1. Just read off the accessible area of Asp63 with the full protein assembly in place, 1.4 Å probe, to the nearest 10 Å².
2. Taking the Cα-to-Cβ direction at Asn88 and at Thr49 and moving 7 Å from each Cα, how far apart do the two end points lie in nm?
Amino acid sequence: PGVESAPAAPAFISASDGNYTEKITLNWGSVSGATRYTAFRCTTTATNTCSEIYSGSGTHYDDTTAALETTYYYRVQACNTYCSGYSNYDPGYRTVDVSNIFPLSIPLLLLKEVD
């Protein structure tokens, strides 16, 4: 029997850029030989700022605990008995929902003609 080795790191990773107010959506490509994936949220592009946020067999994760209006750098490892190195990073962020911050009357006042 051959000796098992770590799978390759996922070549594709995508984090949503302000598409949602309640989450950052992560997607990554599946890797041959991987039985699980570990996703990381990093505060900079440096890997020593990364914290594990997901471990499982899926290639999708919704990060619902990310702070609003903060850019994070996401990386993924593919694992079997061993884990790959980190994937390249992809930045992502949540955005603030401004639709309910201002009362409806304020935009209407701005539309009034000035005498």
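1. Accessible area, nearest 10 Å²: 0 Å².
2. Taking the simple label geometry, Asn88 and Thr49 are separated by 1.9 nm.
The values are calculated or read from the model by the stated rules, or taken from the named source; none is laboratory data. Small disclaimer: the values here were computed from a predicted structure and weren't measured. All Cβ positions, even for glycine, are placed from backbone atoms using ideal geometry, and neighbour counts span all protein chains on display. Heavy atoms of the whole protein, side chains included, go into the accessibility calculation; ligands, DNA and RNA do not. Shrake-Rupley method; radii C 1.70, N 1.55, O 1.52, S 1.80 Å.
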